[in-house]
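Here the structure comes first, spelled out in structure tokens, and everything after it is commentary.
The values are calculated or read from the model by the stated rules, or taken from the named source; none is laboratory data. What you are looking at is a predicted structure, and each value in this text was computed from that prediction instead of being measured. Reconstructed Cβ throughout: ideal geometry from the backbone, glycine too, with neighbour counts over all protein chains shown. When the accessible area is computed, the model is the full protein with side chains, heavy atoms only, and any ligands, DNA or RNA have been set aside. Shrake-Rupley method; radii C 1.70, N 1.55, O 1.52, S 1.80 Å.
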Amino acid sequence: MATGQASTKPPDANEYGGDEISALVLDPGYSTTRAGFAGEDVPKSIVPSYYGLIPSESTPKHTKQLFGDNSINIPLPRISISNVMSKDGTVEDWDTAAKLWEYAITSRLTNTKPTPLVSNGLNDPNEDITEDITMEGVEEQEKPLGENPLLMTESGWNAGKDREKGIEIAMENWGCPAFWLARNGVLAAFASGKPTALVIDIGASTISITPVHDGLILKKGVTRSPLAGNFVSNQLRLLFSSSQPPIPITPHYLITSKTPVDAGAPAQATYRAFAPGTEPHPSFRHFQEERVLTEFKESVVNVWTGPGRLGGHSAQGGTNMDAARQHPGKPFEMPDGWNQMFPALDRYRAIEGIFDHKMALSDANNPPPSPGQTVTALISSSLSQVDVDLRPHLLGNIVITGASSWYAGFTDRLQQELQAAYPGVRVRMVASGQMVERKFGSWIGGSILASLGTFHQLWISKKEYDEHGSGIVEKRCK
Amino acid sequence: MFPAEKKGEWEATKIRERKATNTPNKTEANGQADADITMGEANGTSDGQAAAEDQEDDPKFEEDPTSEEGAVYPLQDGRIVDWSCFFALLTHIYNTMGPPFHTPILVISQPTWTAQDHESLTQFIFEKFKTPAFCLMDSALAVCYAYATPTATVVDVGYTKCDVTAVNDFLVSDLGRGSALPRCGGEAMTQRLHDLIGGKGFTNDVCEQLKKSPICEILPPGTDMPAEAEANAHVSNPAAAASTGASGSGAGQRGSLAAQGGAARGPGINTEVGDADEDREFKEGEDDEGVLDVAAIVASGKTSEFLAKKEREKAAKAAAKKDAADAAAVAKERSLPNSKRVKATFHYHERRPLEELNMNGKRAMDGETGQDGGEPKRQKTPEPGVDSGAQTTENAAATRREERKEERRRNREGTAFIRKSADVGLERFQAASGGILDQIADAIHRCILSYPDISKRSDLWDSLIILGNGFKEALIGTLNSRYLISPSSATIFTSELPSNFTTPVATGANTPQPQHHPPSHHGPGVNPLLLAATTASNPNLAPPGQSQQQLHQQLQLQQYHQQQLQQTHQHSSHAQTPTSIKLLKMPDYFPEWKEVGMEEAGFLGAQVAAKVVFVVDQGISKGFMSRTEYNELGPQGIHESCL
Ligand SMILES: Nc1ncnc2c1ncn2[C@@H]1O[C@H](COP(=O)(O)OP(=O)(O)OP(=O)(O)O)[C@@H](O)[C@H]1O
Ligand SMILES: [Mg+2]
């Protein structure tokens, strides 16, 4: 946070003084976009960052966009699924993103305001009506967020012109009276109550390491790689397809009913057929497969907690892989009823690649990760970029956030890896045991920040934006 | 509501000039009552529509309580789309009930209402009604109150939309909530019927009546559709028919299906095939039995001259023959439950402009209503076999008297109802075949699988509440056949594995707990904002639901026995859900609601809740917002107390 300049200046008259109006917090991620009011402990509006596209019959160029869980899970004719975010966790399609965010905000949080009571035509016009209900600035009102300041999050590597897009949408499209842009890593530290922390965020598209010192991001220490949720999903796809015989992932929408079958026996289900030309696009299927895979991650996948790596040797000399084979498996049933006991080795194997690149499954479309992409390597290279004196402090305040860190054993394993890499330092981790807090760490941090009384002096007001243009973000939101 | 003369003002009923012409349709005046409103100490009813009748005699204008022409519906899919109209509706309801001056108000909020909507509504209620206390309660939570359960998955199928909500420990989960699934309400089912048989001349209005008639059922998935030869097969086996008549699911029916090799056809697939069959059946019906051909009747409703002659003559002629010849057929048909019959007859009202009827003459009308069996009552399979002959004559006389009276009344108003009956084929089982059940089922699956506390998901699957009539079994059937995880035969082998190794489940429990009070170790240049935040003394971030949870727990103890939730978890090595799917039992402390069904459970729950919130708890747990709080905090304060 750029407190330095801002807090030393006395608040001037034009500054936004919005203690009364709740600020909004918008936290876009690759899998979901989170929006809600500052001061609340969970975002009220959680909308997939995926959206649906229906090509128009007549003019193929025109497509209808669908937002929100209610509409993008229905296998409508020729529906395809896209994402407003890019594979590296930044916004890719700003135009659609603006619409999707607006949907997230207006569908659950704000609304088009009712007309003032005075003129709303109640049958009894003699009723005394308090003055403050009347609102001025009609054109402001027509914009969806004419009253709410907006705090938006961005990834630690968001840069250049992309940093200015957010304020432009907020001010121009939405009519926000004030804006702030914050790094999501910093906010996650905030949510855990740490002014200084090493934040490890494992989301869908990226795993990132953000060193935070006294509430300020240490930008050169930010490291990231794609070994996150989507990577694990693809590891699972590889695991299934390399099985003998291969295990198909048939998402729910393709099944009308299933019949119980024995473990390993072929599925007996009635499948949904689509009339030729109305089949959903493969991207829809891919999106629906994610639902199955997330369920698989939740109920089957486990992190190998050592000692040592899964590919290593135990103290007794045997391989850890052999040891893992002795561990119990877990059953999983696919939407078509096919089910099997998944051996422990598979359960560990699916995620081991995040810690040990050599253990990752790969094929032509999924090249093996490089050694520098594993979580341990990312932390090392992050730390190597920050002041030596600060390193122990950061290692003692590791904050773990993001839904893909939820695997059983994840923090234990990371602790081991780091303790082995930094034997002389005391490694300590904070990871919320509440799924909601783990998943929405950066949003919650934003909620805390934007509701602080002292934060009001930081907001970039509409007036400042009008004076200085969008470049003001780069100056103020460090 | 209806727009009044002056723009922005509203009337509760249609006002029109006296020498009015025809009004096309009749339904209730106020439109969908998506917002339930409870006034006072849980003893009010919200029937705002009742007020329609009392009118002053104005020489120029009159109210038409039956017209919905030009009506504005302030709520669409639960969303408030016309605030002025919505406020007028609230005012109308309030005035109709005329509560004493200091009456607290509870409003059930729709899941689609936004935080800002809550504020606007709060402001209106306090400013306009001068209420001393206001409680805004989530609709799903209100339902939980009716069922006296802290945990449930509430599936509320409404008029045009459906809401799916997971509630755990009286806290509504926003994650994965299916708010207002579009085109998933009762209206969509009517529409589907219309799509299927509208081509045969059934109007939307008739389809609505068909949907509500006992012959329209939504069969659970996998139920065999009756096939054409069915009826005969049964007659040839009277013993079987007799033995299964009571339960409607005996071996006899199944045997007969097997006998004719009936291909199993579930509702929702092969709709086109059903259509083709149906066309043929309709023609057969016309020729063989002299049953009124529906298509012709209704089509003639549009081309009235044709109706005048052909149709009436035929009907009159047929009436006598029909009575006799059909008696046997009807009797044998009636011995079959509805779901086993290819065709079934239902009775409906059709509203017609008067001129048309005058042209046709009264005789035709009588002929048409001759077979009327009285007001159709909602009835489930199996239908009891009745002595149709006696009943018909008796009823017919009564109905005719009624009809004449009704007609005279209608004559004054320019329209009349005529009673009709029609045969409907297999389409009557396909009201939900347009994918509604699939969509709702999928939303339930998504909702529960988004619930963040994985260990609670089984409970949510085992405590479904489905509000809405006629499709519960079918929906449960769909859920079972699509999502139920069967006990895996693979788990047998787990017992052979070393049992001393427990598999950790991904609950995050094995991870370090969060530090809410971090060590106050701050360097000199610490960000003051962070300092404030990290000292954990941030009043703005109130742990929501904490005080409310206390309230609920307290209420729970005071009001009911603690719901015995299944403490004995099924021992399964599955971490996946659902391994079972159950409907929550209907509460039995309000016997009078049992008959009506729990469709309005939200209202019932709100009555219970209002009593508890306003009277028992007296605001100790912040269940409502008081006038003083409103004056202090303004409309925004509602977020701190809305439930
Ligand atoms: N219980 C769980 N266990 C493991 N993984 C999970 C679980 N729940 C969700 N995931 C995975 O976590 C990912 C989503 O994480 P998160 O919501 O933190 O990402 P995001 O913030 O939207 O994405 P990003 O940070 O990459 O922009 C998905 O890949 C999903 O499959
Ligand atoms: Mg993220």
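Data overview
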| item | result |
| --- | --- |
| Residue-by-residue Karplus 3J(HN,Hα) for the range A:356-364, coefficients 6.51, -1.76, 1.60, Hz, glycine and proline x | 9, 4, 5, 8, 6, 7, 8, 8, 4 |
| Computed magnitude of the charge dipole of chain A (debye, nearest 20; Cβ of K, R +1, Cβ of D, E -1) | 2160 |
| Under 5 Å, built H, 5+ apart or other chain: amide partners of B:Leu75 | B:Val81 |
| Label-to-label distance, nm, for residues given as A:Ala275 and A:Lys87 (7 Å Cα→Cβ offset) | 3.7 |
| Euclidean distance between Cα centres, the range B:135-192 to the range A:307-358, Å | 41 |
| Within chain A, helix-based [θ] at 222 nm, where runs of 4 or more DSSP H residues each add -39,500 (n - 2.57), nearest 500 | -8500 deg cm²/dmol |
| Gyration tensor (alpha-carbon) shape descriptor, the range A:189-313, a/c threshold 1.5 | prolate |
| Shielding of A:151-164 by partner chains, average beta-carbon count, 10 Å | 0 |
| Loop chymotrypsin sites (Phe, Trp or Tyr not before Pro), the range A:216-300 (other Cβ atoms within 10 Å of the site Cβ: 15 or fewer; DSSP) | A:Phe274 |
| Amide H partners (placed H, <5 Å) of A:Thr33, local residues excluded | A:Val47, A:Ser49 |
| 0 to 90° range, to nearest 10: angle between helix A:282-299 axis and chain A longest Cα axis | 70 |
| Amide H contacts under 5 Å for A:Trp157, placed H, 5+ residues apart | none |
| Mean-position separation - Cα centroids, the range A:47-86 and the range A:149-198, in angstrom | 27 |
| Surface share of carbon and sulfur [accessible, 1.4 angstrom probe, percent] for chain A | 53 |
| Distance (nanometres) between label positions extended 7 Å along Cα→Cβ at B:Asn95 and A:Gln244 | 8.2 |
| When each of A:Lys99/B:Lys472; A:Lys44/A:Lys297; B:Lys161/B:Lys585; A:Lys61/A:Lys297; A:Lys99/A:Lys297 is checked by Cα-Cα distance, pairs over 29 Å | A:Lys99/B:Lys472; A:Lys61/A:Lys297; A:Lys99/A:Lys297 |
| DSSP bridge orientation in chain A - percent antiparallel, rounded to nearest 5 | 70 |
| Protein accessible surface hidden between B and A, which excludes ligands and nucleic acids, total in Å², probe 1.4 Å | 7800 |
| Difference of contour (0.36 nm per residue) and Cα-Cα distance, A:Gln268 to A:Ser370 | 32.6 nm |
| Angle between chain A longest axis and helix A:229-241 axis [Cα atoms, degrees, rounded to 10] | 30 |
| Hz values of 3J(HN,Hα) by residue in the range A:177-185 - Karplus curve (6.51, -1.76, 1.60), Gly and Pro given as x | x, 7, 8, 8, 10, 10, 6, 5, x |
